[in-house]
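Trainee: Please see the structure below; I have some questions.
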Amino acid sequence: MRKGIFTWLLLWLAIHVAQAQRTEMLLEKGWKFSKGDYSEAMQPDYNDSKWETVTVPHDWAIYGPFDVNNDLQTVAVTQNFEQTATLKTGRTGGLPYVGTGWYRTRFEAQAGKQVTLIFEGAMSEARVYVNGREACFWPFGYNSFHCDVTGLLNDGGKDNVLAVRLENKPQSSRWYPGAGLYRNVRLVATGQVHVPVWGTYLTTPHVGEDFASVRLLTTINNAGDKHIRVVTEILSPDGAVVARKDDVRNINHGLPFEQNFIVESPSLWSPESPALYKAVSRIYVDGQQVDEYTTRFGIRSIEIVADKGFYLNGRHRKFQGVCNHHDLGPLGAAVNVAALRRQLTLLKDMGCDAIRTSHNMPAPELVELCDEMGFMMMIEPFDEWDIAKCENGYHRYFSEWAERDMVNMLHHYRNNPSVVMWSVGNEVPTQCSPEGYKVASFLQDICHREDPTRPVTCGMDQVSCVLQNGFAAMLDVPGLNYRAHRYAEAYGKLPQNIVLGSETASTVSSRGVYKFPVEKRKGAMYDDHQSSGYDVECCSWSNLPDEDFALADDYDWTLGQFVWTGFDYLGEPSPYDTDAWPSHSSVFGIIDLASLPRDRYYLYRSIWNKKANTLHILPHWTWPGREGENTPVFVYTSYPSAELFVNGKSCGRQYKLSAEESRALAGKDSLALQRRYRLMWMDVPYEPGELKVVAYDEDGAEAGEKVVRTAGKPHHLELVADCLQLQADGKDLAYVTVRVVDKDGNLCPTDGRMVTFSVKGAGRYKAAANGDPTSLDLFHLPKMPAFSGELTAIVQTSEESGEIVFEARAKGLKTARLKLHSSR
């Protein structure tokens, strides 16, 4: 009898503890979706059987079709100094993102639990219903938000119906925003006493090589006047317990539960060594554990020093950053960790160490990857404040929602070590308002209140305004978008005595496309809607990369830069933005829409990547009809000098100029500044054959060579995958570069034939892109024309382990096959 009672008590205790513990799940599969508005779709008994079944994250608009009439906008882009409104085609990517869509799914929750739904991003104006009743409304499509739905659940928590209405209005964006539940939806269930969403705040008040102090504030909901016990262990990057506190106290006046720790000989977080710790907190009431909450963090210090610049862990460094929009090219806005990791891997190899989330809150998966892979982040929430850029933009909600959006963002990401700076906006028209500084101060004060550990900036493009009206002077860090020629003026006039390149370059180029004659040009436009791959063209408001390199090299007080952009993105097709269909994606990207590096990638790599040598030649050397014509050759290299050969004949040796030598040539040579960072042979007559460059190190010894050959007749397809071993999780991706080559494997750089794909086995075809900003071929169809001889196809795994066979075919060429392997 006693044994039975004891067993029953153990069972009761196990059930009681289990009910009190936190559970979390993704709501991914089995969603029903339909575009259109359905007034009764929130009702539990609504018949959605004819709706499409989708998996979330989901972007309903990326499937197209492309159309010139999608979101036509007649506007004057004031930040580009336009005075007259003109028709803009393809401004939001030429995709059908405008409209209303509904999502529905069912979920269960354990009775007696506190249940919260977390939406990491819903585009946009989300209305969330549970069992026919509205749970919450959140208008901003880029922010994460959460709803407590405990009081809306069915008795027993069974068979609950979740419905979400989303609406994208026309003229609500300046780029492709995506559409739908494009980020993850999570269900979190806890006991009554629990740590709420984003409920911890962890700082490192002292950071040194010998020790670091860690301060952890934990918010505990529904504690009342109970005695709360919190046991927290600090785990090192290798999982060892390096500090522990066991504290019991009442929650004082609603303040968070505070604990302080010392970590001896800490591993400091940096882009070169992204060491990550965990604080694992167990919450007890009346001797019973009621919750467990893990906070991942890094130990690092940041400083901004007047006249000197930015310091990480006491060491001076410059941001080698890029700006990125949130879309993933042919995948659209639907977040995918493998795609994000692919982007960051390419950027890391380039030497990039920082990301600006322009101009919106990021997906949490991106921030987590930046923590893990070692990228500093500037997180930016807004492209509009209270004055409109777009007729239906965020200005409609700013006064009521800006603080709530900021608080969500700050609470979400203030524990992430990768985040080193907040930006409160980008090129907002408010910057030139006489009282615009008050709005900037309002937003900056929210950052200081919620997270006093990080500085605040704003991307400003109207330099005269912000220098005169006090707007730039009241920010922690003045950030200038472009206007490189005014950095020194801003440094001299502003009290902070520092300048950040919050958005730089906007150099434009098309992969594998070269224009003659080779000359520096602003706003150059051509009949084919491409830009020159020689990297000497930029927009009317912007500049070439070399100007920003020089500013970083020559002045301590410049903090570095965030280049516009790391990757191409859908929409904003500058310079072809005025009635210029079919252009519908940018050519700003250092890496194009197909995730293929442009020549410019190697220019940045030659300056930024200090761990590997770079040697890259441009242009290609297949120019039938240009025989004897002048065809300049550029070399991007980390070496100080190189010699160029055409068919074994030397074209001479070039040396990178010093800053003094470059300045001495100013006014005499339009490319004088470029000669600091590029080797350029401007007078090379084209003749078919072999183009070779031999690089020399600082001692004058041969250090490497690179060869480009004239391509013969296209012969076969070549396949190169970024990885051959994949995870069988239904989400992992392989990026397969498809190249049209001759019989010797030389790229055929002008070939544009159609390529078709098939995938068999434990995976499926996902999408393809070719990097052509004028291509109207749909990403999700299993065919895509090559552009400059190349394209990228994306393969997605299933949830079954096994072999995946990818095949590419093209008329007149030998078929290519590639085997991938997927496992759990």
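Trainee: Suppose the chain between Lys811 and His448 were pulled fully straight at 0.36 nm per residue; how much longer would it get relative to their current alpha carbon spacing?
Mentor: 124.6 nm
Trainee: What do you get for the angle between helix 364-373 and the principal long axis of the chain? Use alpha-carbon atoms, 0 to 90 degrees, nearest ten.
Mentor: 70
Trainee: Considering only DSSP states other than H, G, I, E and B, which trypsin sites (Lys or Arg not before Pro) in the range 199-236 qualify as loop sites with at most 15 other Cβ atoms within 10 Å? Numbers along the way, then the final one.
Mentor: On the way: sites: Arg215, Lys226, Arg229; in loops: Lys226.
Hits after loop and neighbour filter: Lys226.
Trainee: Would you compute, from DSSP H runs of 4+ residues alone, the mean residue ellipticity of the chain at 222 nm, taking -39500 (n - 2.57) per run and dividing by the full residue count, rounded to the nearest 500?
Mentor: On the way: 10 runs with 114 residues, N = 824.
Helix-only estimate at 222 nm: -4000 deg cm²/dmol.
Trainee: Which Cys residues of the chain have no other Cys Cβ less than 4.7 Å away and so no disulfide-compatible partner by this rule?
Mentor: Cys323, Cys352, Cys370, Cys390, Cys447, Cys458, Cys538, Cys539, Cys651, Cys723, Cys748
Trainee: I've got another one for you. If you scale each eigenvalue of the Cα gyration tensor by 5 and take the root, what three semi-axes come out for the range 125-186, rounded to whole angstrom and sorted largest first? The partial results should precede the final answer.
Mentor: Details: eigenvalues 145, 22, 18 Å².
Semi-axes, largest first: 27, 10, 10 Å.
Trainee: Can you tell me how much longer the chain between Ala612 and Met754 gets when fully stretched, taken as 0.36 nm per residue apart minus their C-alpha distance, in nm with one decimal? Walk me through the numbers on the way to the answer.
Mentor: Working: separation 142, 0.36 × 142 = 51.12 nm, distance 3.60 nm.
Extending this stretch completely gives an extra 47.5 nm.
Trainee: Highest first, please rank the peptides 624-633, 736-745, 760-769 by the mean number of other Cβ atoms sitting within 10 Å of their residues.
Mentor: Working: 624-633: 13.9, 736-745: 18.5, 760-769: 20.4.
With the highest mean Cβ count within 10 Å placed first, the list reads 760-769, 736-745, 624-633.
Trainee: Pop out the ³J(HN,Hα) list for the range 224-240 in order, Karplus 6.51 cos²θ - 1.76 cosθ + 1.60 with θ = phi - 60°, rounded to Hz; leave Gly and Pro as x.
Mentor: Values, residue by residue: x, 9, 6, 6, 10, 10, 10, 10, 10, 10, 9, 9, 6, x, 9, x, 7 Hz.
Trainee: If the chain between Asp579 and Thr78 were fully stretched, how many nm would it gain, using 0.36 nm times the residue separation less the Cα-Cα distance?
Mentor: On the way: separation 501, 0.36 × 501 = 180.36 nm, distance 1.72 nm.
Value of the extension gain: 178.6 nm.
Trainee: Between Lys814 and residues 5 or more places away or on another chain, which pairs have amide H atoms under 5 Å apart, with H built 1.01 Å from N, and which residues are they?
Mentor: Amide H to amide H, under 5 Å and 5 or more residues apart or across chains, Lys814 pairs with His716, Leu717.
Trainee: With r defined as the distance between the Cβ atoms of Val280 and Asp225 and R0 fixed at 35 Å, what FRET efficiency is calculated, to the nearest 0.05? The partial results should precede the final answer.
Mentor: Working: r = 26 Å, r/R0 = 0.75.
Computed FRET efficiency for Val280 and Asp225 comes out at 0.85.
Trainee: I'd like to know how the range 722-777 sits against the 2.2 N^0.38 Å rule of thumb: what's its Cα Rg over that expected value?
Mentor: Relative to the rule-of-thumb radius for its length, the range 722-777 sits at 1.38.
Trainee: Hey, quick one: spin label on Ala388, modelled 7 Å out along Cα-Cβ, who in the range 123-140 has an amide N within reach, i.e. under 20 Å?
Mentor: Correct set: 124-126, 139-140.
Trainee: From the C-alpha gyration tensor of the range 258-386, pull out the three semi-axes of the equivalent ellipsoid (sqrt of 5λ each), sorted largest to smallest, in whole Å.
Mentor: 29, 23, 16
Trainee: Any idea what diffusion coefficient the range 357-458 gets from Stokes-Einstein, in µm²/s, Kirkwood Rh on alpha carbon pairs, 25 °C, 0.890 mPa s? List each step's numbers first, then the result.
Mentor: Details: Rh = 13.9 Å.
Estimated via Stokes-Einstein, D reaches 176 µm²/s.
Trainee: Oh, and also: Starting from the 7 Å offset along Cα-to-Cβ, what nm value, one decimal, do you get for the label separation of Asn260 and Arg824?
Mentor: About 4.9 nm, to one decimal.
Trainee: Please give, to one decimal in nm, the separation of the simple spin-label points placed at Asp238 and Asp37, each 7 Å out from Cα toward the Cβ.
Mentor: 6.1
Trainee: So, one more: Count the lysine pairs in the range 619-775 whose Cα atoms lie under 12 Å apart, taking only pairs 8 or more positions apart in sequence or on different chains. Mind showing how you got there, number by number?
Mentor: Details: Lys649/Lys692; Lys692/Lys706; Lys713/Lys743; Lys731/Lys766.
Close lysine pairs under the 12 Å cut-off: 4.
Trainee: Which ³J(HN,Hα) values, rounded to whole Hz and listed in residue order, are derived for the range 254-261 from phi using the Karplus coefficients 6.51, -1.76 and 1.60 in 6.51 cos²θ - 1.76 cosθ + 1.60 with θ = phi - 60°, glycine and proline given as x?
Mentor: x, 6, x, 7, 9, 9, 10, 9
Trainee: Could I have the simple spin-label model distance between Asn497 and Glu272, label points 7 Å from Cα toward Cβ, reported in nm to one decimal?
Mentor: 2.7
Trainee: I would also like to ask the following. Whose amide H sits under 5 Å from the amide H of Gly533, counting only residues 5 or more places off or on another chain, with H placed in the peptide plane?
Mentor: Distant-sequence amide H within range of Gly533: Ser510, Val513, Tyr514, Lys515.
Trainee: Also, I was wondering about something else. What whole-number distance in Å separates the alpha-carbon centres of the range 765-820 and the range 469-513?
Mentor: Centre-to-centre (Cα) distance: 40 Å.
Trainee: I need the Debye-formula profile for the chain: one equal scatterer per C-alpha, no solvent, reported as log10 I(q)/I(0) at q = 0.05, 0.07, 0.10 1/Å, two decimals.
Mentor: Values, matching the q order: -0.29, -0.56, -1.16.
Trainee: For the range 663-774, what does the equivalent ellipsoid look like in terms of its semi-axes, each the square root of 5 times an eigenvalue of the Cα gyration tensor, given largest first in whole Å?
Mentor: Numbers: eigenvalues 299, 81, 58 Å².
Semi-axes from the Cα gyration tensor: 39, 20, 17 Å.
Trainee: Nearest 0.05, what FRET efficiency do Trp401 and Ser49 give at R0 = 35 Å with Cβ-Cβ as r?
Mentor: Details: r = 36 Å, r/R0 = 1.03.
That pair, Trp401 with Ser49, gives E of 0.45.
Trainee: If you line up the long axis of helix 436-450 against the longest principal axis of the chain, both from Cα atoms, how many degrees apart are they, to the nearest 10?
Mentor: Compared with the principal axis, the helix lies near 50 degrees.
Trainee: Could you work out what % of the accessible surface of the chain is carbon and sulfur, using a 1.4 angstrom probe and leaving DNA, RNA and ligands out of the count? Don't skip to the end; give the middle numbers.
Mentor: On the way: 15590 of 31540 Å².
Carbon with sulfur: 49 percent of the solvent-accessible area.
Trainee: Using a probe radius of 1.4 Å on heavy atoms only, what accessible surface per residue do you get for the chain? Whole Å² is fine.
Mentor: On the way: 31540 Å² over 824 residues.
On a per-residue basis, the chain sits at 38 Å².
Trainee: Sequence-distant or interchain residues sharing an amide H contact under 5 Å with Val290, placed H: which?
Mentor: Ile283, Tyr284, Val285
Trainee: Which of the GluC sites (Glu not before Pro) across the range 20-76 are loop residues per DSSP, with 15 or fewer other Cβ within 10 Å?
Mentor: Glu40
Trainee: Step through the residues of the range 504-519 one at a time and calculate ³J(HN,Hα) from phi using the Karplus curve (6.51 cos²θ - 1.76 cosθ + 1.60, θ = phi - 60°), rounding each to whole Hz and writing x for Gly and Pro.
Mentor: 10, 6, 6, 5, 10, 6, 10, 4, x, 10, 10, 10, 10, x, 8, 8
Trainee: Next up: How would you order 462-471, 118-127 from highest to lowest mean count of nearby Cβ atoms within 10 Å? Intermediate values should be presented prior to the final figure.
Mentor: Details: 462-471: 18.7, 118-127: 23.5.
Order by mean packing, descending: 118-127, 462-471.
Trainee: Report the FRET efficiency, 1/(1 + (r/R0)^6), for Glu292 and Lys158, where r is their Cβ-Cβ distance and R0 is 25 Å, rounded to 0.05.
Mentor: Numbers: r = 26 Å, r/R0 = 1.03.
It comes out at approximately 0.45.
Trainee: Continuing with the same structure: Quick one: angle between helix 398-413 and the longest Cα principal axis of the chain, in degrees between 0 and 90, rounded to 10, please.
Mentor: 90
The values are calculated or read from the model by the stated rules, or taken from the named source; none is laboratory data. The model shown is predicted, which means the values in this text are computed figures rather than measured ones. FYI the Cβ positions are ideal-geometry reconstructions off the backbone, even for glycines, and counts take in every protein chain you see. Just the protein is used for accessible areas: all its heavy atoms, side chains included, with ligands, DNA and RNA removed. Shrake-Rupley method; radii C 1.70, N 1.55, O 1.52, S 1.80 Å.
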